[in-house]
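For reference, the structure is listed below as structure tokens.
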Amino acid sequence: MKSFGKFHIPSERIIAVLPVEASISRKIREAANYEGKIIDLTYGKKTRSVILMDSGHVILSPMIPKSVVVKIWGKSGSG
């Protein structure tokens, strides 16, 4: 389980970490917002990454995707 500010996210339940610029991220955010399954952890900062959970929830993070991956799994994700 990893901590994002005051929140703890179980790393085994994370499916993907996407950059907010990807077109699929926008579509996923819209669908999650419609279903009421969006969790905003940006605290008013710019959203930089979208974290997909196995429960269908979408978490918005102000951290860049690479930083999120390193924080969750402890590796860079580039290989």
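The values are calculated or read from the model by the stated rules, or taken from the named source; none is laboratory data. On a predicted model such as this, the values are computed, not experimentally measured, just so you know. Please note: Cβ atoms are built from the backbone with ideal geometry, for glycine as well, and neighbour counts cover all protein chains shown.
Observations on the model:
- When Val17, Val69, Val58 are screened for being at pLDDT 95 or above and not charged (D, E, K, R), only Val58 passes.
- Hey, Lys37 in contact with a Ser or Thr (Cβ under 9 Å, 6 or more places away or on another chain) and modelled with pLDDT of 95 or more or not: yes
- Within the stretch 24-48, the set of residues being small (Gly, Ala, Ser) and in a helix (DSSP H, G or I) comprises Ser25, Ala31, Ala32.
- The lone exception for Glu21 - which of (1) more than 14 Å from Phe7 (Cβ to Cβ); (2) in contact (Cβ under 8 Å) with a residue 12 or more places away in the chain; (3) not in a helix (DSSP H, G or I) it fails: (2)
- Residue satisfying condition, being of a type outside the set (Asp, Glu) and within 20 Å of His8 (Cβ to Cβ), within set Ser49, Ser25: Ser49
- Selection status of Ser11, surrounded by 11 or more Cβ atoms within 10 Å (Cβ to Cβ), under 23 Å from Gly74 (Cβ atoms) and at pLDDT below 95: yes
- Residue within the stretch 49-57 that is in contact (Cβ under 8 Å) with a residue 40 or more places away in the chain, part of a strand (DSSP E or B) and either among the small types (Gly, Ala, Ser) or surrounded by fewer than 17 Cβ atoms within 10 Å (Cβ to Cβ) (or both) present: no
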